[in-house]
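**Student:** A single structure is presented below for examination.
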Amino acid sequence: MLGYYPVFLRVKGRRCVVVGGGEVAQRKVEALSEAGGRVKIIAPSLTPQLSEMARTGTIEAILRPFAAGDLRGSFLAIAATDDPNTNKMVTAEARRRRVLLNVVDQPQAGSFIVPSVVRRGNLTLAVSTGGASPALSRRVREEMEDYLGPEYALLAEIAGRVRRRLWRRGVVSSAAWNRALDGELLELLRRGEIEKAERRLEESLTVKADS
């Protein structure tokens, strides 16, 4: 089994190159763009959505096959083509330039893999089988999507605000947070009682910190 160290990369403002112009490449481009990456896509042709993103300046598009030197100055690259020779060229250049690389459907060829992701506001869960079974990753992701309702996005939001306010007063222990983030808090958020939930959370943490 391949071993991977789970990590969330900060790509905001960094050059990210995607090689390939199909639907798989489109998903990678959209995810990188949402994370703030400066995306450049290289492919002879693009999906209509990618063409529109290029037209509006959301991404930079180079309409030709991949060529040596295309990864110069890049932070990471994704090879999303169905051409083994192109993928090999991208892999070789990424290794030479020490660029982080994901090769779609060939996890062993790259330096990182892309997990299945569930997002609820600032809450992000990543699911991976280490490349062994993408289908299982999708299955687990779908189950987590059913379990994690919109109240979890609200919980992440109010927890962030409360944490920032309490930071000035001293560190609140992990045990206190674990006790405070309970089912009653989630129930308040499900009912839309956001302000009440936020007050309850802060009061609970304040009592634990002062006791």
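The values are calculated or read from the model by the stated rules, or taken from the named source; none is laboratory data. Predicted, not measured: the structure shown is a model, and the values here were computed from it. Cβ sites come from the backbone with ideal geometry, for glycine too, and all protein chains shown count toward neighbours.
**Student:** Is one or more of the residues making up segment 28-35 of a type in the set (Ser, Thr, Tyr) and more than 25 Å from Leu136 (Cβ to Cβ)?
**Tutor:** yes
**Student:** Could I ask something else about it? Enumerate the pairs (first residue in segment 117-141 and closer than 17 Å to Pro107 by Cβ; second residue anywhere and at pLDDT 90 or above and charged (D, E, K, R)) with beta-carbon separation below 8 Å, excluding pairs fewer than 6 apart on the same chain, so at least 6 apart or on different chains.
**Tutor:** Every condition considered, the pairs that remain are Val117/Arg141; Val127/Arg141.
**Student:** Of the residues that sit in segment 1-57 and are among the aromatic types (Phe, Trp, Tyr) and out of contact with any helix residue (DSSP H, G or I) (no Cβ under 9 Å at 6 or more places or on another chain), which one is nearest to Asn122 (Cα to Cα)?
**Tutor:** Among those residues, the one meeting the criterion is Phe8.
**Student:** Of everything in segment 153-181, what is surrounded by fewer than 15 Cβ atoms within 10 Å (Cβ to Cβ) and more than 23 Å from Leu125 (Cβ to Cβ)? Give them in sequence order.
**Tutor:** Answer for segment 153-181, where residues must be surrounded by fewer than 15 Cβ atoms within 10 Å (Cβ to Cβ) and more than 23 Å from Leu125 (Cβ to Cβ): Arg165, Trp167, Arg168, Arg169, Gly170, Val171, Ser173.
**Student:** I'm trying to understand the selection: among the residues of segment 39-87, which are among the polar types (S, T, N, Q) and buried (at least 20 other Cβ atoms within 10 Å of the Cβ)?
**Tutor:** Thr81, Asn87
**Student:** Does Glu93 fit the bill of being part of a helix (DSSP H, G or I), acidic (Asp, Glu) and assigned by TED's automatic domain parsing to the domain that holds Gly36?
**Tutor:** Yes.
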